[in-house]
Amino acid sequence: MRRLPLVISFAISVASIAGPSMADDQALIQQAEAAVAVQLKDPDSAKFTEVAIHNGAVCGLYNAKNSYGGYTGAAPFFYMDDETVGAVIEPTVGSDPSTAEKNAWYEFHRRWHFFCEEKPGVLGESP
């Protein structure tokens, strides 16, 4: 009978440790989604999928409407709660990209793979 208070006390301790962490994670994800949305042409149209926290960064995919009102397709993003990083979305690269555009695209994917992939992978199709 003396073990029951100990078991209850342990359960309450575990719940108090796990509870705020999940709430903090959800708040960080909401913060990340808001930071990504403000960078888009139509922030209210933003839809997020596969959002999770990996290696201290919020990673996922977003889809939003372009200037013509159509959805562009899923694109990756990552977010770090850091003033120097913030929300980073995949750079837009035209059909004849400049060196700067290519470099931005490669740098984004290098960082995305570092933070967001559980297993290091090969970069996607280059511009």
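Only the coordinates and a few stated rules stand behind these numbers; no lab work does. These numbers come from a predicted model, not from an experiment. We place every Cβ from the backbone using ideal geometry, glycine too, and count neighbours over all the protein chains shown.
How large is Rg/Rh for segment 16-65, to two decimals, with Cα atoms and a Kirkwood Rh?
Numbers: Rg = 12.2 Å, Rh = 11.6 Å.
Across segment 16-65, the Cα-based Rg/Rh ratio is 1.05.
Eigenvalues of the Cα gyration tensor times 5, then square-rooted: what semi-axes does that give for segment 38-96, in whole angstrom, largest first?
On the way: eigenvalues 92, 35, 25 Å².
Taking √(5λ) for each eigenvalue gives 21, 13, 11 Å, largest first.
Hey, what do the phi angles of segment 95-100 turn into as Karplus ³J(HN,Hα) couplings, whole Hz, using 6.51/-1.76/1.60 and θ = phi - 60°, x for Gly and Pro?
With the stated coefficients, segment 95-100 comes to 6, 10, x, 6, 4, 4 Hz.
Once label points are set 7 Å from the Cα along Cα→Cβ at both SER95 and ALA34, what is their separation, rounded to one decimal in nm?
The modelled label-to-label distance comes out at 4.0 nm.
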